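K.L.:
I have a structure here, written as structure tokens, and I will follow up with some questions on it.
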Amino acid sequence: MTQAGRQGSPRNSSGRNSAEQSKAGQKRAGRNPVQGGAGRAGGAGYKGGGDRPFKRPKPREEAFVDPDLQGPAGAPADRPAAGDWKQGKPAARKPGSRKPGAGKVPGTPGALKPKPRSAAAKTFGTRAFGGERFGQNLGAVRKPSRKRGPRGDVPQSEMHDADGVRLQKVMASAGVASRRVCEEMISEGRVEVDGKVVTELGVRVDPKTAVIHVDGLRIQLDENMVYMVFNKPKGVVSTMEDPDGRPCISDFVRNTHGERLFHVGRLDVATEGLLLLTNDGELANRLTHPSYEVPKTYLVQVRGPFPQGIGAQLKAGVELEDGFASVDSFKLVDSTPGHVLIEVVLHSGKNRIVRRLFDAVGFPVLRLVRVKVGPIGLGDQRQGSIRNLGKQEVGHLLASVGL
């Protein structure tokens, strides 16, 4: 294209064609080119050239509002406070309900994360030890609740100690909740002292001798008690000291402040997983006593394929050299070429009971891990580490054996 052609192009406002179109547009608009408003270079303010003709804006039409469907006092006059004013429908869903995962159960993959609570709600919850930062949230105590009589049938004077401390103060010092929330728990009849429900706020108790439960959860008032979970690796002996110099539990324990710890139960050298450590002798005795039947959960790896009927056989019972033994539950967790992962739950505390059961049915154990004892689970705790139980976990553990 020649230089003259480029100058006459519609894209160039200085060209001949552009100037002619600008004049024609100004004539059609009925305005003087000299009086044109501020537009583009050359006076072309819109597509046809020149300024746009002035148009008076239309008056705004207000929507009709039915007085019968109008919201409460203080709502805007041009529309109802909530809902569809045309058909009286409820208010539209919040924007968050249209997000992906809004309908899923919290905690499942793809579900929305809960919004952080306010500072007041974050400090303490309505449940016991609701504001605890450490330990696992085990929910409600898994045992039948005691029948509570009417408020007037409970003799509050029998448990009152004039020289003691107010019950709500003892609970708050133990970390149950704030003193105000503890008072609400007492008024609602959720607190028991020595097996009796307390509903009066003026009751005083002796923290050294009183046994306090909140929603069935035992409160440990003795600060000298230690409760720990040890994830035992393979090759470690389940003793505090070993005369042969093999790795033992004491090699992993730190900062016990001179307290003597008991290991609850035993795991053989080749078995991994959860081992409870405590200086509470009564709790250790009850957890190991067969009459309390504390369940223990194991993950067992054997060679595959695993035929059907073996699980039913283990649940029915297998005869061993020291009598019959069985598992409480049997579940196939995973299966890969040559290996099968099984979860079994049993309450027997016999020596090497899981290995002997699987040997009896013809599937020797390749790897064995204990992942749970009673209500306490191993979770994602790494091997060789020791952690202190949270107060809520301690309460569940004590409640599981009737303490």
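The values are calculated or read from the model by the stated rules, or taken from the named source; none is laboratory data. Predicted model, so just to flag it, every value in this text is computed and none were measured. Please note: Cβ atoms are built from the backbone with ideal geometry, for glycine as well, and neighbour counts cover all protein chains shown. Please note that ligands, DNA and RNA were not included when accessible areas were found on the heavy atoms of the full protein model with its side chains. Shrake-Rupley method; radii C 1.70, N 1.55, O 1.52, S 1.80 Å.
K.L.:
Can you pick out the pairs among Lys169/Lys372; Lys208/Lys350; Lys234/Lys331; Lys196/Lys372; Lys196/Lys350; Lys196/Lys232 whose Cα atoms lie more than 29 Å from each other? Walk me through the numbers on the way to the answer.
P.N.:
On the way: Lys169/Lys372 34 Å; Lys208/Lys350 36 Å; Lys234/Lys331 24 Å; Lys196/Lys372 32 Å; Lys196/Lys350 37 Å; Lys196/Lys232 40 Å.
Violating the 29 Å limit, Cα to Cα: Lys169/Lys372; Lys208/Lys350; Lys196/Lys372; Lys196/Lys350; Lys196/Lys232.
K.L.:
For a quick check: with amide H placed at 1.01 Å from N, whose amide H comes under 5 Å from Val211's, ignoring anything fewer than 5 positions away on the same chain?
P.N.:
Answer set, sorted by chain and number: Asp194.
K.L.:
Can I ask one more? Between rounded, prolate and oblate, where does segment 303-380 land on the alpha carbon gyration tensor, with a ≥ b ≥ c its root eigenvalues, rounded for a/c under 1.5, else prolate if a/b exceeds b/c?
P.N.:
In terms of gyration-tensor shape, oblate.
K.L.:
How much accessible area per residue does segment 271-403 have, counting only protein heavy atoms and a probe of 1.4 Å, in square angstrom? Mind dumping the intermediate values first?
P.N.:
Working: 6260 Å² over 133 residues.
Accessible area per residue: 47 Å².
K.L.:
Sorted from largest down, give the three principal axis spans of the alpha carbons of segment 284-343, whole angstrom values.
P.N.:
42, 24, 17
K.L.:
How far apart, in nm, are two points set 7 Å out from the Cα along the Cα-to-Cβ line at Asp322 and at Val269?
P.N.:
1.9 nm
K.L.:
Carbon and sulfur: what percent of segment 273-403's accessible surface (1.4 Å probe)? Please list the in-between numbers first.
P.N.:
Details: 3080 of 6250 Å².
Of the solvent-accessible surface of segment 273-403, carbon and sulfur hold 49 percent.
K.L.:
Which of the peptides 295-303, 363-371, 202-210, 389-397 is most tightly packed, and how do the rest follow, going by the mean number of other Cβ atoms within 10 Å of each residue?
P.N.:
Ranked by mean Cβ neighbours within 10 Å, highest first: 389-397, 295-303, 363-371, 202-210.
K.L.:
Would you work out if segment 347-387 is rounded, prolate or oblate? Take a ≥ b ≥ c from the square roots of the eigenvalues of the alpha-carbon gyration tensor; rounded if a/c is under 1.5, else prolate when a/b is larger than b/c, oblate otherwise.
P.N.:
Details: a/c = 3.01, a/b = 1.86, b/c = 1.62.
Note, shape of segment 347-387 comes out prolate.
K.L.:
Shifting gears a bit: Given the Cα-Cα distance of Val253 and Arg179 and 0.36 nm per residue of separation, how much length would full extension add, in nm?
P.N.:
Stretched out fully, the Val253 to Arg179 stretch lengthens by 23.1 nm.
K.L.:
Also, I was wondering about something else. What size of dipole, in debye to the nearest 20, comes out for segment 231-384 about its Cα centre when the only charges are +1 on Lys and Arg C-beta atoms and -1 on Asp and Glu C-beta atoms?
P.N.:
300 debye
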